[in-house]
Amino acid sequence: MNADLRSFSLPLADPLDTARGSIERREGLLVRLESESGVVGVGEATPLPGWTEHYDECERVLSNATQAIDEGEAVESVLSNLDGTQSESLSRSATPAARHALDLALADLCASRERVALYRDITAAFGDLDDAERVESVPVNATVGDAPVEETVAEAESAADAGFDCLKLKVGARPLAADVDRVEAVSDALPDLELRADANGAWDRATAQQFLDAVGDRLAYVEQPLPATDLAGLAALSGPVALDETLAGVALRDVLDVDPEAVVLKPMALGGPRPVVAAAERAREASVEPVVTTTIDGSVARTAAVHVAAAIPDVSACGLATANRLESDLGPDIAPVADGRAVVPQGAGNGTADTWGYHD
């Protein structure tokens, strides 16, 4: 097996505000594996501190990993070395973005060798798909950021006109009453739209409960209403709650003990597409809905996330409509979003092997 590594830098269309400051570019690495028979797999690592390791650590780990593979070590062995001590819950890798790149590259190579689309090759947790179970597309949600009521409603109506059946509304940046007004206005204007709210951990317990009491019946769920590590507070809330940031630092079994409505699974933050499919299966066993999203990744990882969503039967609307957040990309978008759904590529593997040459 041969392994190569190269870096990339993608400018964002608009800066991304995070708890660690504003980000204007997504810096990452591509990994290319090639078998002795010439089959190729490509993976992407796009670290996002707070969710994953820093870029420098990711680069160091992948540099060592690709060197070890070139020297004859099996990719599976290298992946095992990147797993943490809680691999029965998720990969819990200390370097999930690096692990994602290798896991995706190997999964892409294996599916390409079998001449099947990636989603068909990573469905093991749910059972193999038969020939009739072709997944053409998966539902995705639109996202509306913080804005006054009229602007929020206008953006929601625009999303509905574009074919989206599910909308995620960012909350938590305004006074509670203002966010309640925004939710009520969108719900009244678009009663047939599935509406979710995302607070990004902005509230304390009392505020979160007040919000749920006011508009919880209008929402599918409120995503991350409390800080990530406040498991006791999250478990005590009355109303539909989904957990996102919590999964970056808490084992899946402990997250499921909170009994949320849904868990938001980011392959880049959780160590690769295959661990996320396994996590989704465990969530379903606990009657918790898995929702797949990205960390605003390049086209290689974003396409793989679409395949992950396709591998989950009857998946809920996922956060995969993120290509427009990038000013430029690693390659063509082969999983475009239209009418509220992301196209699932049907070619062999992830369908992005040509990205390596495109990036030259």
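No lab work stands behind these numbers, since they all come straight from the coordinates. Small disclaimer: the values here were computed from a predicted structure and weren't measured. Methodologically, a virtual Cβ is constructed for each residue, glycine included, from the backbone with ideal geometry; neighbour enumeration extends over all protein chains shown.
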- For the Cα atoms of the chain, what angle does the longest principal axis make with the long axis of helix 299-310, in degrees from 0 to 90, nearest 10? 70 degrees
- Query: What residue among 184, 136, 44 shows peak mean-square fluctuation when the chain is described by a Gaussian network model with Cα springs under 10 Å?
  - Reply: 136
- Note on the structure: Among the range 306-343, those whose backbone N falls under 15 Å of a label point 7 Å along Cα→Cβ from residue 158 are 324-325
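So for the range 205-331, Kirkwood radius off the Cα pairs, Stokes-Einstein at 37 °C and 0.692 mPa s: how many µm² s⁻¹?
Answer, rounded: 217 µm²/s.
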- Query: For the pair residue 6 and residue 68, what calculated FRET efficiency results from E = 1/(1 + (r/R0)^6), where r is the Cβ-Cβ distance and R0 = 25 Å, to the nearest 0.05?
  - Reply: 0.90
- Query: Principal axis lengths of the range 2-115 from Cα atoms, whole Å, largest first?
  - Reply: 44, 32, 25
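Find the Cα radius of gyration of the chain, compare it with 2.2 N^0.38 Å by division, and give the number to two decimals.
Working: Rg = 19.8 Å, N = 360, 2.2 N^0.38 = 20.6 Å.
Normalised Cα radius of gyration, the chain: 0.96.
Give me the extension gain from residue 176 to residue 206: residue separation times 0.36 nm, minus the current Cα-Cα distance, reported in nm with one decimal.
Numbers: separation 30, 0.36 × 30 = 10.80 nm, distance 1.10 nm.
Contour length minus the Cα-Cα distance gives 9.7 nm.
Show me the trypsin sites (Lys or Arg not before Pro) within the range 143-223 that DSSP assigns to loop and that have at most 11 other Cβ atoms within 10 Å of their Cβ. Mind showing how you got there, number by number?
On the way: sites: 168, 170, 182, 196, 205, 218; in loops: none.
Here no loop site has a sparse enough neighbourhood.
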- Message: With a 10 Å cut-off between alpha carbons and a GNM built on the chain, which of 238, 37, 316 moves the most?
- Response: 37
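Under the rule a/c < 1.5 gives rounded, and otherwise a/b versus b/c splits prolate from oblate, where does the range 118-269 land using the Cα gyration tensor? Mind dumping the intermediate values first?
Details: a/c = 2.36, a/b = 1.22, b/c = 1.93.
Verdict is oblate for the range 118-269.
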- Query: Say we join alpha carbon atoms closer than 10 Å with springs in a Gaussian network model of the chain; which of 232, 189, 317 then has the biggest fluctuation?
  - Reply: 232
- Query: Taking Cα atoms, how many degrees apart are the long axis of helix 96-114 and the longest axis of the chain, rounded to 10 and kept between 0 and 90?
  - Reply: 60 degrees
- Note on the structure: Taking Cα atoms only, helix 55-70 is inclined relative to the longest principal axis of the chain by an angle, in degrees rounded to 10, of 30 degrees
- To the nearest Å, what is the center-to-center distance of the range 171-206 and the range 249-267, using C-alpha atoms only? 22 Å
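Neighbouring Cβ atoms within 10 Å as the yardstick, rank 212, 167 fewest first. Spell out each step's value before the answer.
On the way: 212 20, 167 26.
So the ranking, lowest neighbour count to highest, is 212, 167.
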